[in-house]
């Protein structure tokens, strides 16, 4: 949902969500889903979360969101392993050609 890499815009969106929820324009469920998404994006950008924001995120993060957040690290590890394997294969091919 958030293609932006601007923490300020994400913080503004979080504030708007909080206002809409207080005014009754958003259901609690919609608020939680969108707030978790915004806070996760802020965390991925390296923005500091307040203790309250961190607690909210931990309390409401679903297993799917946790898996999504962890998938980035898994992808980096998998890519590194793939590069190592390809390098080893290339070396073996070069040795076989000599």
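A quick yes/no check of all residues on (1) at pLDDT below 70; (2) within 12 Å of the chain's Cα centre (by Cα); (3) surrounded by 11 or more Cβ atoms within 10 Å (Cβ to Cβ):
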residue: 16; (1), (2), (3): no, no, yes
residue: 31; (1), (2), (3): no, no, yes
residue: 42; (1), (2), (3): no, yes, yes
residue: 45; (1), (2), (3): no, yes, yes
residue: 51; (1), (2), (3): no, no, no
residue: 59; (1), (2), (3): no, no, no
residue: 81; (1), (2), (3): yes, no, no
residue: 88; (1), (2), (3): no, no, no
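Taking residue 35 as the residue in question, decide whether it is modelled with pLDDT of 90 or more, assigned to a loop (DSSP other than H, G, I, E, B) and in contact with a helix residue (DSSP H, G or I) (Cβ under 9 Å, 6 or more places away or on another chain).
no
Mind checking which residues of region 3-27 are touching a helix residue (DSSP H, G or I) at 6+ places or on another chain (Cβ under 7 Å), farther than 20 Å from residue 47 by Cβ and assigned to a helix (DSSP H, G or I)?
Selection gives 21 alone.
The values are calculated or read from the model by the stated rules, or taken from the named source; none is laboratory data. Because the structure is a prediction, the values reported are computed rather than measured. Reconstructed Cβ throughout: ideal geometry from the backbone, glycine too, with neighbour counts over all protein chains shown.
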